[in-house]
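Below: the structure, in structure tokens.
The values are calculated or read from the model by the stated rules, or taken from the named source; none is laboratory data. As the structure is a computational prediction, the values presented were derived from the model and not from experiment. Note that each Cβ is placed from the backbone with ideal geometry, even for glycine, and that neighbours are counted across all protein chains shown. These accessible areas exclude ligands, DNA and RNA; they are computed on the full protein's heavy atoms, side chains included. Shrake-Rupley method; radii C 1.70, N 1.55, O 1.52, S 1.80 Å.
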Amino acid sequence: MKFIKFFFVGIFFGIVLVKSEAVSWYRIYEMFKFQSFHMYGIIGSAVFIGALSIGLIKYLKIKNIEGNDIYLPPKDRGFTSYIVGGTLFGFGWALAGACPGPMYILLGTGVFSMLIVIAAAVLGTFTYGLIRTKLPH
Amino acid sequence: MEFLLKPWPWYLSGPLIAVVMFLMIYFGKTFGMSSNLKTLCAMGGGAKYADYFKFDWKAQRWNLVVVLGAIMGGFIAVTFLSDGSPIALNPKTVSNLTELGFQNAGDTLLPPEIYSWQHVLSFKGISILIIAGFLIGFGTRYADGCTSGHAIMGLSNLQLPSLIAVIGFFIGGLIMTHFLLPLIF
């Protein structure tokens, strides 16, 4: 039963991303063409409210549901892996029009060919694990 | 309640995504969807092949439950919460897409020119999906996060590495959209 809350958060996330059209290939294309404010508005307002919430969590020392201090691990310092990995992901994002969340959500909307994208993404992740130590980070 | 069935404006959707992130933090976790791919590799026995997958994947099961919920959310949204409104794209986007060979842009969430079985079951069609998926899986692990983990959670937590990653997302996305898509389609 401790998992049920995550199931409901997932449902909520899926509904919001479909209703906002952020799962749409066309919206991603339009965003990269700078032809609409829609996606920038979504990401921008999410980050604005998100930054306010995280700031409040830190300032008010809000505890999590288990009563423990909330600790958000900082990202490791670095440059190469973030810019190169980010660019490779950007290619895939603009081609498939979906990032890892929407991949699953779109499967739920009945687009079963998305299973091929998901399987290939698992393979890509596996390949990264295999050659990780040989890559610059 | 009728407005629920219409597409939701950005100023409602963005803050609701922040609510999702807040709930994940409040539940003692983080917001990051691409981590699931790593968990799936570990579940499938990836530890035999790479140390990168040697971790207690059972401790990450909550994240797979989020995925199951997301799939269900997608189903609920199109089945019960949609009135079939087309996506209100910029007319310029629609005409750009028509030139590329994409018809009726915005009538569906995804272009049939990429996702319909008729196109998927061709060498070109299946290659597009496999290459795109591979880049998503490889790139997100190399960059240690995707749109949710870096662009939403990382930027909200004022992480410089996340800003670098998001700049990377846009370098890749802009090159793909402006230079590669016209060559592919």
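Evaluate the Kirkwood expression for the hydrodynamic radius of the protein assembly as shown, namely the inverse of the mean inverse distance over all pairs of different C-alpha atoms, and round to one decimal in Å. Could the numbers behind the result be given before it?
On the way: mean 1/r = 0.0510 Å⁻¹.
Taking every pair of different Cα atoms in the protein assembly as shown, averaging 1/r and inverting gives 19.6 Å.
By a straight-distance test (C-alpha under 17 Å), which aspartates and glutamates pair with residue B:6 as possible cross-link partners, with residues fewer than eight away in the same chain excluded?
A:21, B:83, B:107
Cα centroid distance between the range B:134-185 and the range A:99-124, in Å?
When both Cα centres are located, 17 Å separates them.
Under 25 Å between alpha carbons, and skipping anything fewer than 8 positions from residue B:58 in its own chain: which lysines qualify?
Within the straight-line cut-off, residue B:58 pairs with A:2, A:5, A:63, A:75, B:29, B:38, B:48.
Near residue A:57, within a Cβ-to-Cβ distance under 11 Å, what is the net charge of the other residues, with Lys and Arg +1 and Asp and Glu -1?
Local charge sum for residue A:57: +2.
Students often forget the sequence filter, so: which aspartates and glutamates lie under 12 Å Cα-Cα from residue A:58 once same-chain residues fewer than 8 apart are removed?
A:69
Starting from the residue with the highest accessible area, list A:77, B:61 in decreasing order, probe 1.4 Å. Walk me through the numbers on the way to the answer.
On the way: A:77 230, B:61 100 Å².
Heavy-atom accessible area, descending, gives A:77, B:61.
With equal scatterers on the alpha carbons only and no solvent term, can you work out the Debye log10 of I(q)/I(0) for the range B:1-82 at 0.16, 0.19, 0.22, 0.24 1/Å?
Taking Cα atoms of the range B:1-82 as identical point scatterers yields -0.76, -0.93, -1.08, -1.17.
When all protein chains stay in place, what accessible area (Å², nearest 10, 1.4 Å probe) is found for residue B:122?
50
Could you give the semi-axes, largest first, of the ellipsoid that matches the range A:6-137, computed as the square roots of 5 times the alpha carbon gyration tensor eigenvalues and rounded to whole Å?
Its equivalent ellipsoid spans semi-axes of 27, 23, 18 Å.
Given a Förster radius of 41 Å and the C-beta distance between residue B:95 and residue B:1 as r, what FRET efficiency does 1/(1 + (r/R0)^6) yield to the nearest 0.05?
The pair residue B:95/residue B:1 has a calculated efficiency of 0.70.
Label points 7 Å out from Cα along the Cβ direction at residue A:35 and residue B:163: separation in nm?
Calculated label separation equals 3.1 nm.
Using only protein heavy atoms and a 1.4 angstrom probe, determine the accessible area buried between B and A, summed over both sides, in Å² to the nearest 100.
Counting both chains, the buried surface is close to 10400 Å².
Counting just the Cα atoms, what span does chain B cover along each of its three principal axes? Round to the nearest Å and put the largest first.
So the three principal-axis extents are 48, 45, 33 Å.
Can you compute the modelled spin-label distance between residue B:174 and residue A:66, with each label point 7 Å from Cα toward Cβ, in nm?
It works out to 4.2 nm between the two label points.
Could you let me know the centre-to-centre spacing of the range A:46-81 and the range B:34-69, using Cα atoms, in angstrom?
23
Residues in the range A:1-19, backbone N under 18 Å from the label point at residue B:79 (7 Å along the Cα-to-beta-carbon vector): list them, ranges by number please.
Answer for the range A:1-19: A:7-19.
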